[in-house]
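Take a look at the structure below.
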């Protein structure tokens, strides 16, 4: 038999019909979805606590994976699509559960009512955030406006005798509203002793803290422009600044001593070496040990431009 005859008589490979055929690379697609979610969370578009609600939907994922294993060869890429849809439904449900029942507000005014100290936590996504101080003698702890394209923000104040815990966070909305740009304008009282935690994503942040009695500041930001004016007469202030691809400007008011330690990646660093000369691995004011008002700054930044003046 000739070579041509043998080739003609050999069976041809069967082609899948209908929904059959090769499966899509499920593992790669799942990793791609997870990477996109993590990127949106690190930039502040999606909330980190979304994962707390996701566990409620794990049976849905188990069912979809079971269908993929049992019928993947028969229905082909439709099995992979089913798994992807199940993942997206679970994520959407987790976000809806995480939104809670509290209604968002477009403005806030919370009275002091005898508060002597307060822990302030601000979670911010994308947009513009401005924070300053209320006039001296104001009866309120906080006043603010939330221009988040009709979505507002969520505010919670818990009082325990003369201490308060104030939390301000975005109003999380599903799907298209994730990408809304916020515009917040906040002001805090000069009266109580404060600590502050700030987390922001792709934002433009301006913090004028010079009149506040702030003892501790923790800033965690992503791709952000940050301007911070430190307190002018708050005694000892501890400031931790953790940033990714950011532009950071820190102003230390006249008469305030400082100690600055930096842990930087690929970044530029500019400092007023006349006020804060380098001593070992820290920049420190000559009178730091005896100063009445002083700030200790710990910088941990990645691809950032940092200016301290």
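The values are calculated or read from the model by the stated rules, or taken from the named source; none is laboratory data. Owing to the predicted nature of the structure, the values given are computational and were not obtained by experimental measurement. Glycine also receives a Cβ, built like all others from the backbone with ideal geometry; neighbour counts cover every protein chain displayed.
Results for (1) surrounded by 16 or more Cβ atoms within 10 Å (Cβ to Cβ); (2) in contact with a helix residue (DSSP H, G or I) (Cβ under 8 Å, 6 or more places away or on another chain); (3) at pLDDT 95 or above, shown as yes or no for each residue.
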residue	(1), (2), (3)
78	yes, no, no
106	no, no, no
129	yes, no, no
132	yes, no, yes
137	no, no, no
152	yes, no, no
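Conditions tested, residue by residue: (1) in contact with a strand residue (DSSP E or B) (Cβ under 8 Å, 6 or more places away or on another chain); (2) at pLDDT 95 or above.
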site	(1), (2)
234	yes, yes
244	yes, no
247	yes, no
252	yes, yes
257	yes, yes
265	yes, no
279	no, no
295	yes, yes
303	no, no
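Mind checking whether some residue in the range 257-278 is touching a helix residue (DSSP H, G or I) at 6+ places or on another chain (Cβ under 6 Å) and touching a residue at least 40 places away in the same chain (Cβ under 8 Å)?
Of all residues in the range 257-278, those touching a helix residue (DSSP H, G or I) at 6+ places or on another chain (Cβ under 6 Å) come to 257, 259.
Subset that is touching a residue at least 40 places away in the same chain (Cβ under 8 Å): none.
Looking through the range 257-278, none of the residues is touching a helix residue (DSSP H, G or I) at 6+ places or on another chain (Cβ under 6 Å) and touching a residue at least 40 places away in the same chain (Cβ under 8 Å).
Would you say residue 194 is under 15 Å from the mean Cα position of the chain (by Cα), modelled with pLDDT of 95 or more and either closer than 30 Å to residue 162 by Cα or part of a strand (DSSP E or B) (or both)? Here the answer is no, as residue 194 does not meet what is asked.
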